[in-house]
Amino acid sequence: MSNWTWLSGLASDLNVWEDELSVVDLDAEHTFISYAEEVPVLQDLYSLSAVKNADVLVGIDFSALVMLKNLENRPANQKWILLAPILDFCHGEDAWPQKQVLLMAKEVQKMPKVALQGILDLFGPSEEVNQDLWMETALKIKPESIAKGFEYLAEAKIEEPVSVPNCEVRFGKDDEWVTAPAVEAAKSLLNGAQVTVRPKVGHWPMSLIG
């Protein structure tokens, strides 16, 4: 039996979609790591045993960037699946200026629901129940923890090509949160990765992984 570990994206917990995501491999054991669990180990992701011992490690947006920034500790035979990975949130067409990202870090602490709705609106089409569940989950996370995620996105980036064999990278064509320039960046910077873009798919993990 293989072990899959799922790393949640910014302000999220993929555990809420466990049933939809686990079908990708019904014979595997699936472990879900919430965003709140990731924030304390951004610089040492592989200190989490579920990450270190995973046969397949999956990350989306924010957590995919964290994976790439911890690449040196990746076990040789571990497979990666990066869903809509962020490589440089503040560079390129459609990018958010760094000042705006840092402002978002402050706004999410003052008016979390308003700030989070601004993110959710960019995720692309999905059933209303998924949108409601994402927001409900996000509002349970401490705003200062979400702010740390925005501060991380303002600073962390992949600028030089890196070797990532045994890695699948998937984007959604209708994703307005991680947009087309990120696809081109992945193709040029993630050497050895298989990059695909799924039509009529937004930022939702169940659509990207299926």
Checklist outcome for this item: Per the filter on the stretch 128-168, residues open to solvent by less than 50 Å² (accessible area, probe 1.4 Å), in a helix (DSSP H, G or I) and among the acidic types (Asp, Glu) are none
Next on the checklist: Anything in the stretch 82-102 that is more than 11 Å from residue 156 (Cβ to Cβ) and buried (at least 24 other Cβ atoms within 10 Å of the Cβ)? List them, or say none.
Outcome noted: 82, 83, 84, 85
Item to check | Single residue of 135, 206 found to be under 22 Å from residue 56 (Cβ atoms) and touching a helix residue (DSSP H, G or I) at 6+ places or on another chain (Cβ under 8 Å) | outcome: 206
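Could you tell me whether residue 4 is among the aromatic types (Phe, Trp, Tyr), in contact (Cβ under 8 Å) with a residue 24 or more places away in the chain and in a helix (DSSP H, G or I)?
Values: among the aromatic types (Phe, Trp, Tyr): yes; in contact (Cβ under 8 Å) with a residue 24 or more places away in the chain: yes; in a helix (DSSP H, G or I): no.
Answer is no for this residue.
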Checklist entry - Taking into account only those residues within the stretch 171-188 that are charged (D, E, K, R) and touching a Pro at 6+ places or on another chain (Cβ under 9 Å), which is surrounded by the most Cβ atoms within 10 Å (Cβ to Cβ)? => result 174
Checklist outcome for this item: Residues of the stretch 82-100 being within 30 Å of residue 52 (Cβ to Cβ) and outside any loop (DSSP other than H, G, I, E, B), in sequence order, are 82, 83
Checklist entry - Identify, please: which residue in the stretch 29-81 is open to solvent by 20 Å² or more (accessible area, probe 1.4 Å), among the small types (Gly, Ala, Ser) and in a helix (DSSP H, G or I) and is, among those, farthest from residue 5 (Cα to Cα)? => result 36
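Somewhere in the stretch 112-122, is a residue in contact (Cβ under 8 Å) with a residue 60 or more places away in the chain and either within 30 Å of residue 55 (Cβ to Cβ) or over 18 Å from the mean Cα position of the chain (by Cα) (or both)? I'd like the intermediate steps shown before the answer.
We begin by selecting, within the stretch 112-122, every residue in contact (Cβ under 8 Å) with a residue 60 or more places away in the chain; these are 116, 119, 122.
Subsequent filtering for residues that are either within 30 Å of residue 55 (Cβ to Cβ) or over 18 Å from the mean Cα position of the chain (by Cα) (or both) retains none.
No; the residues of the stretch 112-122 include none that is in contact (Cβ under 8 Å) with a residue 60 or more places away in the chain and either within 30 Å of residue 55 (Cβ to Cβ) or over 18 Å from the mean Cα position of the chain (by Cα) (or both).
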Checklist entry - Restricting attention to the stretch 169-189, which residues are within 16 Å of the chain's Cα centre (by Cα), over 14 Å from residue 122 (Cα atoms) and aliphatic (A, V, I, L, M)? => result 169, 182, 183, 185, 186
Item to check | Every pair of residues 6+ apart whose Cβ atoms lie under 9 Å, when the first sits in the stretch 166-178 and is touching a residue at least 12 places away in the same chain (Cβ under 8 Å) and over 15 Å from residue 210 (Cβ atoms) while the second is surrounded by fewer than 23 Cβ atoms within 10 Å (Cβ to Cβ) and of a type in the set (Ser, Thr, Tyr) | outcome: 169/196
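The values are calculated or read from the model by the stated rules, or taken from the named source; none is laboratory data. The structure displayed is predicted, hence computed values, not measured ones. Positions of Cβ are backbone-derived with ideal geometry, glycine not excepted, and every protein chain shown enters the neighbour counts. The area values use the complete protein model at the heavy-atom level, side chains included, leaving out ligands, DNA and RNA. Shrake-Rupley method; radii C 1.70, N 1.55, O 1.52, S 1.80 Å.
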